[in-house]
Amino acid sequence: MDFVGARSAVLAVLRGVSAGDRSRLLHWMRTTNDFDEFMLSNNDVVLRSIAEDLRNCLPIEAMLNSEHLAIKKILEQPEPTVHVDAFLYDDDDIIDSLCEKGKMSRNYCVVCGSHKTAPLEFISHSFSLMELKFLYQYALPDLTGKILVDVGSRLGAVLFGGYLYSSASQLYGVEMNSDFCQLQEMIITKYQFTDRVKVLHSDICTQASLLQNADVVVMNNVFEYFLDRLEQARAWEFISHNMRKKGSLLVTVPSLEESISNLQGFIHPQDRESSKSYHLCQGSSFKL
């Protein structure tokens, strides 16, 4: 059916609705999310396909047994907390379906054995699809010819989003966990991203040259759950020392202020004074 035919069909349906229900139908059409699947761009579809591929390779919590420190820190949170990857589970309908099947829960029992419950805290080490689109289409400037580095690239969401939603010339992921590197390489090969996306199985503190040439560095929940405080301070100082390209941007979640405030006594004061901040998403971006 072409546009003219479709428009006529929609108008015919509206004319056929009783007067009492027509306003309700129009209100539903203006406010429903049921049309979202028809509004997706091809890039959105590709990114959701990638998320589905990764979901099929990982346990529901998207945590690996090799992430010993991260698992330990999540268990030590004052409120019961679970890891729900925002990139893999961007759609509430997916989470609701898993809850209905008993594979996931939004709540925990306050008094064991009772019906008294409270919402679980969710934490993610990835951006959601909406956050990725905001990052590349609104928050960051035109990245044509630019180099972006994602520190702790994990599942590669920032890299894949950058490939689809920006014109960055190169997107580098630096990831210490070899299992996550393999998953990213699988996606890069399957979706033919090899011309612009590279993943390095490495510690960012060995990548001085990469940081010195980066135009944008992204860090999403990258240190707090994976390094002890001394290692975090060492990493921040290394990044501060090497990320000196004029006009470069540092995007952080949580904000840089919050991350560094937790490292009092571990990090030198001058490393907190080198950048000017402006807000981005739930974190901050610092322009050098």
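The values are calculated or read from the model by the stated rules, or taken from the named source; none is laboratory data. Here the structure is a predicted model, which is why all the values come from computation and not from measurement. Ideal geometry is used to build each Cβ from the backbone, glycine not excepted, and the neighbour counts take in all protein chains shown.
Residues to consider are TYR191, TYR163, TYR172; find the one that is aromatic (Phe, Trp, Tyr) and over 16 Å from the mean Cα position of the chain (by Cα).
The conditions single out TYR191.
In the stretch 204-220, which residues are touching a strand residue (DSSP E or B) at 6+ places or on another chain (Cβ under 8 Å) and surrounded by fewer than 19 Cβ atoms within 10 Å (Cβ to Cβ)?
ASN213
Confirm whether VAL174 is in contact (Cβ under 8 Å) with a residue 40 or more places away in the chain and closer than 29 Å to GLY247 by Cα.
Answer is no for this residue.
Consider only pairs whose beta carbons are under 6 Å apart and that are at least six residues apart or on different chains; among these, list those whose first residue lies in the stretch 193-210 and is farther than 11 Å from VAL151 by Cα and whose second residue is surrounded by 15 or more Cβ atoms within 10 Å (Cβ to Cβ) and at pLDDT below 95.
ALA208/ASN242
Residue check, PRO59 against (1) in a helix (DSSP H, G or I); (2) within 15 Å of ASP179 (Cβ to Cβ); (3) at pLDDT 70 or above, all met but one. Which one?
Among (1) in a helix (DSSP H, G or I); (2) within 15 Å of ASP179 (Cβ to Cβ); (3) at pLDDT 70 or above, PRO59 violates only (1).
Residues being at pLDDT 80 or above, surrounded by 12 or more Cβ atoms within 10 Å (Cβ to Cβ) and not in a helix (DSSP H, G or I): count how many of those fall in the stretch 28-56.
0
Considering the stretch 13-27 alone, what residues qualify as being of a type in the set (A, V, I, L, M, F, W, C), loosely packed, with under 11 Cβ neighbours inside 10 Å and modelled with pLDDT of 85 or more?
VAL13
Among the residues in the stretch 239-260, are any touching a Cys at 6+ places or on another chain (Cβ under 7 Å) and modelled with pLDDT of 60 or more?
The answer is yes, given that some residue of the stretch 239-260 is touching a Cys at 6+ places or on another chain (Cβ under 7 Å) and modelled with pLDDT of 60 or more.
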